[in-house]
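Scroll down for the structure; my scribbles are underneath it.
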Amino acid sequence: MKRKLQQYFWHYILVVLLALTVCGWSVESAQALLRQHHDSPNVLRYHSQVSIKDEFGYAWQVLLFKQNYNNPVKDLRLRLVAFPGVVELAHPQPLLIETVGGKLLSASDAYALTAPAPNVGEYNLTDVLAKLPTTDALKLYVPISSKQPLVLNIPKTVVTEWQWLVTEID
C-alpha cells in the first residue's frame, strides 16, 4: 500500500512538471529586438522590431526606425505590417496612440498617398515619441478600412526599448 502511494505521488509530480513545462512554452513574449542592418557600405543602422498579436489573434510586425540620418533631426518612423489579405489599412488616416494615463496622441500617415501594399502602414513618430512615457505600455489604434480601428497593445518593455533606440543609439 505504501509503495503504491509513493508511485502515485511520483506520477503526480511528473504530470505537474510536464504541465508546467508545456504551459511555459505557450507563454507569448513581446520583447522587442534591436537589429542591425547596413544602410550603405560601412554604415550600420539599428531598428526595433517585434511581432505583436492583435485583438483577433493575427500577428503584426511592428518596426521602429530612424530615417534621414544625414539631417540634424532624424525622422522616427513606425511601420506596421499585417498579414497580407487579412487587414487593409485606411490611408491617409493617422495612427492614434493611447498612454496608460489616457492621453491620446496622433501620428501622421507617412504613406498617405502611396502605400506599398494595403496591409502596410507607416507613421511619423518624430514628435510623438518624446511625449510618451518611457516605461508604460501603449495602445495603438490602427485605422483599417473595414471597421473601427484595430487595437495593438504595445508592452512597456517595447516602449522602453523604443526610447532607448531614440536616445542612446545613433
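The values are calculated or read from the model by the stated rules, or taken from the named source; none is laboratory data. As the structure is a prediction and not an experimental result, all values here were calculated from the model. Glycine gets a Cβ as well: all are built from the backbone with ideal geometry, and neighbour counts include every protein chain shown. Ligands, DNA and RNA are excluded from the accessible area calculation, which covers all protein heavy atoms including side chains. Shrake-Rupley method; radii C 1.70, N 1.55, O 1.52, S 1.80 Å.
Work out how much length TYR111 to ARG45 would gain on full extension: take 0.36 nm times their residue separation and subtract the Cα-Cα distance, in nm to one decimal.
On the way: separation 66, 0.36 × 66 = 23.76 nm, distance 2.21 nm.
Full extension of this stretch gives 21.6 nm more.
How far apart, in nm, are the 7 Å Cα→Cβ label points at LYS74 and ASP127?
Output for this residue pair reads 2.1 nm.
For GLU122, what accessible area in Å² do you get when you roll a 1.4 Å probe over the heavy atoms of the protein chains, rounding to the nearest 10?
Near enough 10 Å² of accessible area.
Just how much of TYR58 is accessible, in Å², when a 1.4 Å probe is used and the result is rounded to the nearest 10?
About 110 Å², ignoring ligands and nucleic acids.
If you place +1 on the Cβ of every Lys and Arg and -1 on the Cβ of every Asp and Glu, how big does the dipole about the Cα centre of the range 51-170 come out, in debye to the nearest 20?
Values: 10 positive and 12 negative charges, 17 e Å.
So the magnitude is around 80 debye.
Of the listed pairs LYS103/LYS131; LYS53/LYS139; LYS53/LYS131; LYS66/LYS103, which have alpha-carbon separations greater than 19 Å here? It would help to have the intermediate numbers written out before the result.
Values: LYS103/LYS131 10 Å; LYS53/LYS139 12 Å; LYS53/LYS131 25 Å; LYS66/LYS103 24 Å.
In this structure, LYS53/LYS131; LYS66/LYS103 lie more than 19 Å apart at Cα.
Whole-Hz Karplus ³J(HN,Hα) for the range 119-125, in order, using 6.51 cos²θ - 1.76 cosθ + 1.60 and θ = phi - 60°, x for Gly and Pro?
For the range 119-125, the Karplus curve yields 9, 10, x, 9, 10, 7, 9 Hz.
Evaluate the relative contact order of the range 107-170 (contact order divided by residue number), counting alpha-carbon pairs under 8 angstrom at least 6 apart; express in whole percent.
Values: 63 pairs, mean separation 15.6, N = 64.
Value for the range 107-170: 24 percent.
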